[in-house]
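For reference, the structure discussed in these notes is given below.
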Amino acid sequence: MKDRMELERVVLLGRTLKEYSAYFQLGEADLRSGRILDLGAGVSSFAAESAALGCDVTAGDPIYDLSADQIAERSRTDLDHVLAQMPDVLHKYNWTFYSNLGELAHYRTIARDRFLKDYTSHRERYMTASLPSTGFPDQKFSLVLVSYFLILYDDLLNYDFHKRSVLELARIVSREVRIYPLTNFRGLKSEFIERLLRDPHCASLSFAVVQIDFEFLKNANEILIVRHN
Ligand SMILES: C[S@@+](CC[C@H](N)C(=O)[O-])C[C@H]1O[C@@H](n2cnc3c(N)ncnc32)[C@H](O)[C@@H]1O
């Protein structure tokens with residue numbers, strides 16, 4: 001048994017609209033409230049699925065300068081790598097939303113396949129963009145979502161990167177940013193949250209840590225909402 005998943009880099013795994021909706025608490029009003037950006041979207045099918053529902057959504061990720069085949073290959077390798085480690089860390093996760101490892105793998109595969117189809121047919125939705133400097137205009141988006149990228153990798157990405165990323169997200173959003181999860185892979189609430197809340201460079205922002213009823217990685221049951229004061 002181990003106390004965390006060991007990853008040497010940010011992995012290319014994707015989640016579905018159903019999963020995003022569960023932890024970001026997305027209702028109709030959120031999905032219809034204007035332009036949405038999914039940043040660090042990778043092989044998530046959130047953009048594909050929400051666009052199919054008529055939402056105005058853009059996905060941003062550094063990998064979008066790669067071909068669909070290159071992304072597919074990297075994503076398959078990463079999924080195999082993560083699934084191979086899961087038996088050693090099963091106790092760190094609650095098996096309620098996903099009842100078992102097979103169901104988890106199924107969700108990841110569905111998300112990736114839906115993404116790859118949409119990436120091929122609607123490439124205009126997918127913009128190459130990297131934190132901490134995305135290149136998007138000020139307040140371009142009403143809602144920005146960051147799922148399984150910030151905070152989680154607090155051992156690979158330092159506090160300064162997080163601070164600059166949050167300030168950048170605030171620059172490109174008009175209404176709010178939602179970030180999930182707020183723990184690292186050990187399931188410990190990242191110290192970066194408290195530091196952001198107290199950081200004088202972030203004084204023009206308001207932060208709300210909101211409890212949610214989704215908790216796959218144990219303790220990962222909160223989202224961070226960032227707004228302008
Ligand atoms: C674990 S995946 C999460 C994908 C998606 N958000 C989801 O939850 O299904 C992390 C993503 O962060 C992306 N990423 C890595 N470095 C980044 C950066 N500097 N800025 C934005 N995204 C980055 C990776 O390419 C990858 O697609």
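Observations on the model:
- Reference-scaled alpha-carbon Rg (2.2 N^0.38 Å with N residues) for segment 63-213: 1.16
- Of all DSSP beta bridges confined to segment 67-193, the antiparallel ones make up roughly 25%.
- Label positions at residue 84 and residue 201, each projected 7 Å from the Cα along the C-beta direction, are separated by 3.8 nm.
- In Å², nearest 10: area of residue 73 left accessible to a 1.4 Å probe: 130 Å²
- The solvent-accessible area of residue 128, taken with every protein chain present and a 1.4 Å probe, is close to 80 Å².
- Antiparallel content of DSSP bridges confined to the chain, in %, to 5: 45 percent
- Segment 21-176: relative contact order in percent, alpha carbon pairs under 8 Å with at least 6 residues between: 33 percent
- Normalised per residue, the accessible area of the chain is 44 Å², obtained with a 1.4 Å probe and no contribution from ligands, DNA or RNA.
- You can think of it this way: the chain between residue 160 and residue 123 has 10.1 nm of extra reach, that is 0.36 nm per residue less the Cα-Cα gap.
- Kyte-Doolittle mean at least -1.0, axial Cα span of 24 Å or more - DSSP H helices of the chain: 68-89, 101-121
- Secondary-structure-derived ellipticity at 222 nm for the chain, considering helices only, amounts to -11500 deg cm²/dmol, per-run term -39500 (n - 2.57) for DSSP H runs with n ≥ 4.
- Note on segment 50-101: Kirkwood radius taken over Cα pairs, Stokes-Einstein applied at 4 °C and 1.567 mPa s, translational D equal to 91 µm² s⁻¹.
- Relative packing of 129-136, 155-162, 84-91, 182-189, which averages over residues the other C-beta atoms within 10 Å, highest first: 182-189, 129-136, 155-162, 84-91
- Here is the list for segment 32-130: trypsin sites (Lys or Arg not before Pro) lying in DSSP coil, each with at most 14 other C-beta atoms within 10 angstrom of its C-beta, are 32.
- For segment 133-225: relative contact order, % (alpha-carbon pairs under 8 angstrom, 6 or more apart): 31 percent
- Selected from 158, 68, 27, residue furthest toward positive end of dipole (the chain; charges at beta carbon): 27
- Annotation: aspartates and glutamates with alpha-carbon distance below 16 angstrom to residue 2 (same-chain offsets under eight excluded): 88.
- Accessible carbon and sulfur surface of segment 1-129 relative to its total accessible area, %, 1.4 Å: 53 percent
The values are calculated or read from the model by the stated rules, or taken from the named source; none is laboratory data. On a predicted model such as this, the values are computed, not experimentally measured, just so you know. Don't worry about glycine lacking a Cβ; one is built from the backbone with ideal geometry, like all the others, and counts go over all protein chains shown. Side chains included, ligands, DNA and RNA excluded: accessible areas come from the protein's heavy atoms. Shrake-Rupley method; radii C 1.70, N 1.55, O 1.52, S 1.80 Å.
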